[in-house]
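Here the structure is laid out as structure tokens; the discussion comes afterwards.
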């Protein structure tokens, strides 16, 4: 090669190589970009599982509390609405349902969050719908009349047999297997511990459940059961009888001590039950409430046993969705009431729109305040505020883990015999439910909803601690918790979405149910009526719905309307 | 390395062990080894995937050697810059050979004509390897006397071949597997190329592009070596008795095909679905006992059966106007529509214009369906988990009933009445509870064992008096044996005699699991 030729050659070649170079590199990068690197980087633990927080809109509430946002809307146009419902949880939605059901549809419902549902809120992703809170409804008791009516209306009860027992849509009855417990290194069916129990422990279990049956059968002087759902449909003696009043004033732990229930498996189970329904441990739950959990369920069905439950992939979000659909066009989400005032016959409500801060004023004839009372007390006029020092709202963490395969799936893809509800004897959480359990699909992926009542310390302290916990810390805590049952959990999870419910649910602390403060919550303030499960003292669908319907009944009476059906 | 001519010229410093000439000879060795390894891999892979190893090895070796001839011939057209061409070819050989096994495994499902791709890759590798030796001899021409050169190059070449032929069966296949072996030798190829490049850096101009390309190729191969099997899902091959030739985790299940001599097997989630040796027994019994017993069947529904084997049997009836096949997994129907070997097995039934495929959840699809069919074949995996158990529930069979035309019938594959006697009885009860008149029957499928089916009708089905031509197993003489149940295939648990599998009791899955567990352990 001669010198001169080489240099020009080189220059030319260098140029063409640069271009080719670039094309090759670009092609390589494109190919690399198309490859699902994130997946195997995750499998190899090079990258962390994505996690995202979806907590309720606490900031707005706190700003209102701190006075950063003025409660009073500036003067302007006033919107007239005959009936206004504040709060789109089950109580508010049920109040609206009852109004519609009785031919009154001239109402408006405001919800602070961007969607209604409250504790029955749900979400959905590409894999499945999933609950954000409450996730099942037991076969309703006979006295849960409004629940029966509602289930009939939405087709969940399809008919009745000769004995009047309801037939439920079988796709909604929780499919087998319902629940399992991780204990002694394996899963057993059912959550009441069975595996590895001594004879004494078994005997104590039997004694406990026999006693619960007796409580369940107990009736007051009026012939009504002591323990009913809703609580208020029970005998008037429920807190009057001396021993029962005493039960509510002592904690479940104290009662167990007194009655000599000491075995660890039994107390574990009862603690689980209290935390499951009330978000509080044995020591901070009323014994009356703790017994109610085991003594009040008496539902019957034509096509399921009385212990059966109704469940949906999105949990009680299914019920909230039906209620939402019934109120379509009359619900405004993302708008909060900031002040309630009374002017003559009218009730004025100032509101704030969460996304753009727009203010407005609504004038209503009647108002249903279906928010927790600690929220209502901030926006009500001084005279209408009810003391609630004894009310405890338990904080919860709910995490939805999207999984590629159910934990325990073998290398060859053989899925485990899983249950809908999966609990560990050794964990501080309540385990998880499988969202896809109630579908007929046999796709591999699912969403596991992990429940964690933050009850290891008093509610306020736990709430503040939860607010300070970072997403990465939650991720580690959630995965470490599940690893106890499923060592392979980290390789199954593709993302985690979680929600910290700061004031997750009313907790029946000792004395709350029978106390004067709670009874005071039932009273209306003029044409302002209240509807929330904190009036009942237990955060159950049946209670929230009951409170919503009672408030709607008072509204109908305000308006001089008669109801077409139902009487209380 | 001694060299008379070089010594005479006195430029001894160039003649160290790491001299370009030595490295070039080393390249010959590596190329020879790699070349033969690629060829052996292609041969082994072809016999895994296509069967018939004598034909595969013979044609692949022939094709490979012939391609080397093409390469050798083509080498004369390269006249300038030989070292650069050589290095480039070597990187290319590394890339093509290194990725060959991965490409062939990955293409098994997608390419209609797998053989075309196979031979194209073999020829490409052969041609590139064929180019190398002549090029090298021309590069080394100035370094050695011709006599020496020929002797050295070919000695090294044949030693390399010997090494390859020994380590391939003894080390590579048992310890690394085909995919990783190919990547390993690809890496060796490229490393030698880069080393050569390094030594020739003064003689060659503008080598940065070549360096860049080489390093990129090396990286790709290393990634392939490290993660290739995981990415392709072949890593768990050890849990299957035979060679895994295809493995894919789809959205719904893990599909695995394994190949032993004369036996192709399909596994879904680790459960055997068929063995090509005796699947005809299973499918003839599944389809014909019912279908030959109804008048003039025209419209058939197949739920599950994405392998197309049941459809193949249905097409034996000239009266058939249409088949609707509903299988959950699109990957499954795609695999059995596209792959040569599998299309041979199902006689291209999935591509028959009379057959329409719907990829959907059977339960969800059935609930929305308003069509009726003369015969419905329900061929789901065994009820080994609660999701699949729902497809054996009374709720499902009630939906199924709506899809049966007057005079029609359904057949349910119902696991083994020998192993899972009580589970089998529950399927029968459940179908009967939905209003069907049931006729349980069974047959022996050697790879499965004694297998059972439950036929359901509303009075329109009669014991067949005539079967289609060409069946290997079923005949009117055999049929009564299928319908007779000996004592050891009857339910043993009095509690299940009237048990019905419902969504909220899933008694079938529990019984099935207990019985199979007891049988296998």
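The values are calculated or read from the model by the stated rules, or taken from the named source; none is laboratory data. Treat the numbers as computed from the prediction; the structure is a model and nothing was measured. Methodologically, a virtual Cβ is constructed for each residue, glycine included, from the backbone with ideal geometry; neighbour enumeration extends over all protein chains shown.
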Q: Name every residue in region A:419-440 that is more than 21 Å from the chain's Cα centre (by Cα) and either surrounded by fewer than 21 Cβ atoms within 10 Å (Cβ to Cβ) or closer than 24 Å to residue A:393 by Cα (or both), in order of residue number.
A: A:426
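Looking for something in contact with a strand residue (DSSP E or B) (Cβ under 9 Å, 6 or more places away or on another chain) and in a helix (DSSP H, G or I) - is there at least one such residue anywhere in region A:494-512?
no
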Q: Report those helices (runs of 4 or more DSSP H) wholly inside region B:248-360 carrying at least 3 residues which are in contact with a strand residue (DSSP E or B) (Cβ under 8 Å, 6 or more places away or on another chain) and closer than 17 Å to residue B:474 by Cβ.
A: B:279-291, B:309-314
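Rundown of residues vs (1) under 30 Å from residue B:226 (Cβ atoms); (2) outside any strand (DSSP E or B); (3) within 32 Å of the chain's Cα centre (by Cα); (4) modelled with pLDDT of 85 or more, yes/no style:
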site	(1), (2), (3), (4)
A:38	yes, yes, no, no
A:42	yes, yes, yes, no
A:49	yes, yes, yes, yes
A:62	no, yes, yes, no
A:65	no, yes, yes, no
A:69	no, yes, yes, no
A:76	no, yes, no, no
A:84	no, no, yes, yes
Q.
Quick check on my filter: what residues within region A:316-345 are more than 24 Å from residue A:101 (Cα to Cα) and assigned to a strand (DSSP E or B)?
A. A:335, A:336, A:337, A:338, A:339, A:340, A:341, A:342, A:343
Q: Looking only at region B:213-233, decide whether some residue is closer than 23 Å to residue B:89 by Cβ, outside any helix (DSSP H, G or I) and modelled with pLDDT under 85.
A: no
Q) Among A:67, A:103, which is without any contact (Cβ under 8 Å) to a residue 24 or more places away in the chain and loosely packed, with under 14 Cβ neighbours inside 10 Å? A) A:67
**Q.** Residues of region B:380-394 satisfying the condition of being within 7 Å of chain A (Cβ to nearest Cβ) and crowded, with 21+ Cβ neighbours inside 10 Å
**A.** B:385, B:386, B:387, B:390
Q) Restricting attention to region B:358-379, which residues are more than 10 Å from chain A (Cβ to nearest Cβ), free of Cβ contacts under 8 Å to residues at least 40 places away in the same chain and either buried (at least 21 other Cβ atoms within 10 Å of the Cβ) or within 26 Å of the chain's Cα centre (by Cα) (or both)? A) B:358, B:359
Q) Is it true that some residue in region B:171-193 is assigned to a helix (DSSP H, G or I), within 13 Å of another protein chain (Cβ to nearest Cβ), in contact (Cβ under 8 Å) with a residue 40 or more places away in the chain and under 27 Å from residue B:135 (Cα atoms)? A) no
Q: Mind listing just one residue for me: the one in region A:442-462 that is crowded, with 21+ Cβ neighbours inside 10 Å and outside any strand (DSSP E or B) and, of those, farthest from the other protein chains (Cβ to nearest Cβ)?
A: A:459
Q. Which numbered condition trips up residue B:144, out of (1) more than 19 Å from residue B:38 (Cα to Cα); (2) buried (at least 21 other Cβ atoms within 10 Å of the Cβ); (3) within 36 Å of the chain's Cα centre (by Cα)?
A. (3)
(Q) With the condition being outside the structural domain of residue B:359 (by TED's automatic domain parsing) and closer than 16 Å to residue B:502 by Cβ, I'd like the helices (runs of 4 or more DSSP H) fully within region B:371-454 carrying at least 2 qualifying residues. (A) none
Q: Out of A:266, A:256, report the one residue that is touching a helix residue (DSSP H, G or I) at 6+ places or on another chain (Cβ under 9 Å) and in contact (Cβ under 8 Å) with a residue 60 or more places away in the chain.
A: A:266
Q: For region A:346-384, enumerate the residues that are more than 15 Å from residue A:60 (Cα to Cα) and not in a strand (DSSP E or B).
A: A:370, A:372, A:373, A:377, A:380, A:381, A:382, A:383, A:384
Q | Scan of region A:126-174 for residues that are over 28 Å from residue A:506 (Cα atoms) and within 14 Å of chain B (Cβ to nearest Cβ), ordered by number | A | A:126, A:127, A:128, A:158, A:167, A:168, A:169, A:170, A:171
Q. What residue, among those in region A:192-203 that are in contact with a helix residue (DSSP H, G or I) (Cβ under 7 Å, 6 or more places away or on another chain) and over 30 Å from residue A:141 (Cα atoms), is farthest from the other protein chains (Cβ to nearest Cβ)?
A. A:201
Q. Has region B:59-77 got any residue that is out of contact with any helix residue (DSSP H, G or I) (no Cβ under 9 Å at 6 or more places or on another chain) and more than 24 Å from residue B:260 (Cβ to Cβ)?
A. yes
**Q.** Residue that is surrounded by the most Cβ atoms within 10 Å (Cβ to Cβ), among those in region A:175-191 that are out of contact with any helix residue (DSSP H, G or I) (no Cβ under 7 Å at 6 or more places or on another chain) and within 11 Å of chain B (Cβ to nearest Cβ)
**A.** A:178
Q: Pick out the one residue from A:437, A:414 that is within 14 Å of chain B (Cβ to nearest Cβ) and either free of Cβ contacts under 8 Å to residues at least 40 places away in the same chain or at positive phi (or both).
A: A:414
